[in-house]
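Heads up: the structure comes next, in structure tokens.
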Amino acid sequence: MTIDRELIRKRANYLCEYCHSPENISATRFTIDHIIPKSLGGSNNLDNIALACRRCNERRYNFIAGYDPVTSTIVPLFNPRLQEWGQHFTWSTDGTTIIGNTPVGRVTVSRFDLNDSRYARKDSIVSILMTLATLGKIQSEILVHFG
Ligand SMILES: [Zn+2]
């Protein structure tokens, strides 16, 4: 079965379905993520596919679950086909950090390292989010002055 990449990109509103970074400011096209990885028998059906930035897709690797230290349980990673992002994640007030609010949210933030907490390089998601937050502030100031 051929994967309709444009349909998947449009369905995701051109955002990574995990970190919500926008594809149009990425240097590369986003990737097709298999929610249940093909290596574990996942299919190419649209209900098993999400749009993911290269970074999130690489961090997922072939993981489908993670350990939540708060509840001491193993829970599945966030599934954008079955779950609402806003039920498991929120943004920090400055818009630069993704907070996992549920076991699913917490293990996904950890597995995908959505806030660059495991790596010294702050060159991708946090950087993009900080840039967007800055641009949003600039836009707000422009609207206030020239609106
Ligand atoms: Zn991402």
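Only the coordinates and a few stated rules stand behind these numbers; no lab work does. Since the structure is predicted, the reported quantities are computational estimates derived from the model, not experimental observations. Note that we place each Cβ from the backbone using ideal geometry, even for glycine, and neighbour counts take in every protein chain shown.
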Based solely on C-alpha atoms, express the radius of gyration and the Dmax of the stretch 42-88 in angstrom.
12.0, 34
Along each of the three principal axes of the Cα atoms of the chain, give the extent in whole Å, ordering the values from largest to smallest.
55, 40, 28
Could you derive backbone 3J(HN,Hα) for the stretch 97-109 from the dihedral phi with the Karplus parameters 6.51, -1.76 and 1.60 (θ = phi - 60°), listing whole Hz in sequence and x where the residue is Gly or Pro?
9, 9, 10, x, 9, 10, x, 4, x, 5, 5, 6, 4
Using θ = phi - 60° and the Karplus relation 6.51 cos²θ - 1.76 cosθ + 1.60, list the HN-Hα couplings for the stretch 56-70 in order, rounded to whole Hz, with x at every Gly or Pro.
4, 5, 5, 6, 4, 6, 10, 7, 10, 8, x, 9, 9, x, 5
Calculate the dipole size of the chain relative to its Cα centre from +1 charges on Lys and Arg beta carbons and -1 charges on Asp and Glu beta carbons; express the result in debye to the nearest 20.
300
